[in-house]
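Here's the structure, in structure tokens; my notes come after.
The values are calculated or read from the model by the stated rules, or taken from the named source; none is laboratory data. Not measured: the values here are computed from a predicted model. Because the Cβ atoms are built from the backbone with ideal geometry, glycine has one as well, and the counts that use them run over all protein chains shown. Ligands, DNA and RNA are stripped out before the accessible areas are found, and what is left, the full protein with its side chains, is counted by its heavy atoms. Shrake-Rupley method; radii C 1.70, N 1.55, O 1.52, S 1.80 Å.
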Amino acid sequence: MNRTIQNEALALLQQSEPAQPVLITDAHLTGLPEVLQRYLRYAGVVDKAPISTVRLTQQGVMKQQPGQKWMSMVAEQYFTTKPPAFLWHCTMRPFPLVWISATDRFTGGHGNMVIKLLSVITMGNAHGPEMDQGELQRYLAEMIWFPTAWLSDAIEWQAIDIQSVKATIRQQDVTAVLHVNEQGQLTHLTADRYMSEHGHYRLEPWSVHVQQYYEVSGMWIPTKVEVTWHLASGDFTWFRVEITEIEYNQSGKVTRL
């Protein structure tokens with residue numbers, strides 16, 4: 001990660017509100033839909049301190065269009081929960097000796113993605129209201145990696161059935177549906193998200209499917225996921241990623257997976 005990104009990550013973490021010393025109790029779950037309580041109890045958030053910051057690294061593969069070959073990628077990502085924000089920087093290698101860097105961010109209520117060839121030549125710089133919504137929706141989906149954040153007062157919950165519950169970030173009206181099995185595992189998450197094609201945006205069904213769980217700091221979190229667009233032309237799985245290490249609250253306690 002280059003120095004500019006390192007400085008931006010540090011600035012993002014410094015804007016976080018301090019972690020609260022009060023532990024989450026059963027009382028914090030009271031009144032929530034039963035399916036959400038089942039998931040949070042499986043995840044193990046009770047008797048844990050709220051997570052205020054996250055640093056994680058990833059490895060995986062991605063493709064930008066259907067029919068393309070998979071590109072290997074590695075990434076590092078930072079989150080704050082108060083305020084909700086993230087910075088994600090990845091490097092993809094489509095060919096030997098050629099790399100593409102992508103920096104995805106959401107901060108101050110605004111989203112932006114910058115894509116560069118060889119870390120120098122700008123290939124894309126996406127921003128605007130659709131990116132604002134899409135990046136906040138990404139943040140909402142990636143809260144699966146720091147599940148205490150689901151208890152945020154900014155989220156409104158609506159039970160759908162015994163295995164699904166809808167989360168809405170009130171201020172921006174951004175939503176996602178969590179699907180939970182009988183054991184309490186979140187199996188997948190679905191939403192309508194803006195997809196960009198040739199500079200134009202359209203809402204399309206989108207999902208994150210969990211493929212593996214791991215215990216981190218006493219909580220069970222998904223560590224391997226697959227992301228798919230569900231298009232009229234057919235499903236387009238474009239991102240397969242696994243977490244390789246994760247750290248909460250700048251504690252210095254890094255879990256390597």
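Any idea which of V114, V61, V54 is assigned to a strand (DSSP E or B), out of contact with any Cys (no Cβ under 9 Å at 6 or more places or on another chain) and over 28 Å from P147 (Cβ atoms)? Show your work before the answer.
Working: V61 fails: over 28 Å from P147 (Cβ atoms); V54 fails: over 28 Å from P147 (Cβ atoms).
That would be V114, the only listed residue that is assigned to a strand (DSSP E or B), out of contact with any Cys (no Cβ under 9 Å at 6 or more places or on another chain) and over 28 Å from P147 (Cβ atoms).
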Give me the pairs, please: first residue somewhere in the stretch 173-187 and open to solvent by less than 10 Å² (accessible area, probe 1.4 Å), second residue anywhere and assigned to a strand (DSSP E or B) and of a type in the set (G, A, S), beta-carbon distance under 9 Å, and either six or more positions apart or on two chains.
V174/A167; V174/A191; A176/A167; A176/A191; L178/S164; L178/A167; V180/S164
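Of the residues that sit in the stretch 58-69 and are of a type outside the set (A, V, I, L, M) and at pLDDT 95 or above, which one is surrounded by the most Cβ atoms within 10 Å (Cβ to Cβ)? Spell out how you get there, then give the answer.
Residues of the stretch 58-69 of a type outside the set (A, V, I, L, M): 58-60, 63-69.
Keeping just the survivors that are at pLDDT 95 or above gives 58-60.
Details: Q58: 20, Q59: 14, G60: 22.
For the stretch 58-69, the residue satisfying everything is G60.
Would you call R3 open to solvent by 60 Å² or more (accessible area, probe 1.4 Å) and modelled with pLDDT of 95 or more?
Values: open to solvent by 60 Å² or more (accessible area, probe 1.4 Å): yes; modelled with pLDDT of 95 or more: no.
Taking the combined requirement at face value, the residue does not satisfy it.
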Can V74 be described as buried (at least 19 other Cβ atoms within 10 Å of the Cβ) and either part of a loop (DSSP other than H, G, I, E, B) or modelled with pLDDT of 90 or more (or both)?
no
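This table checks each residue for (1) under 19 Å from A126 (Cα atoms); (2) surrounded by 17 or more Cβ atoms within 10 Å (Cβ to Cβ).
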| site | (1), (2) |
| --- | --- |
| Y194 | yes, yes |
| E197 | yes, no |
| R202 | yes, no |
| Q211 | no, no |
| Y214 | no, no |
| G218 | no, no |
| T228 | no, yes |
I'd like the full set of residues that are in a strand (DSSP E or B), among the aliphatic types (A, V, I, L, M) and modelled with pLDDT under 90, limited to the stretch 77-111.
V98
Out of the residues in the stretch 142-180 that are touching a helix residue (DSSP H, G or I) at 6+ places or on another chain (Cβ under 9 Å) and part of a loop (DSSP other than H, G, I, E, B), state the one that is nearest to Y39 (Cα to Cα).
Q163
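Any idea which residue in the stretch 19-37 is nearest to L186 (Cα to Cα), counting only those that are at pLDDT 95 or above and assigned to a loop (DSSP other than H, G, I, E, B)? Don't jump to the end; show me each part of the working.
At the first step, the residues of the stretch 19-37 found to be at pLDDT 95 or above are 23-37.
Filter once more, so that each one left must be assigned to a loop (DSSP other than H, G, I, E, B): 23-25, 30-33.
Values: L23: 23, I24: 20, T25: 21, T30: 19, G31: 19, L32: 16, P33: 14 Å.
Result: P33.
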If we keep only residues of the stretch 103-153 that are within 17 Å of the chain's Cα centre (by Cα), among the aliphatic types (A, V, I, L, M) and open to solvent by 40 Å² or more (accessible area, probe 1.4 Å), then the residue nearest to T223 (Cα to Cα) is L151
Does the stretch 47-57 include one or more residues that are farther than 27 Å from K166 by Cβ, surrounded by 13 or more Cβ atoms within 10 Å (Cβ to Cβ) and touching a Lys or Arg at 6+ places or on another chain (Cβ under 8 Å)?
no
Restricting attention to the stretch 238-257, which residues are of a type in the set (V, I, T) and open to solvent by 30 Å² or more (accessible area, probe 1.4 Å)?
T244, V254
For the stretch 229-242, enumerate the residues that are farther than 17 Å from M73 by Cβ and without any contact (Cβ under 8 Å) to a residue 24 or more places away in the chain.
A232, D235
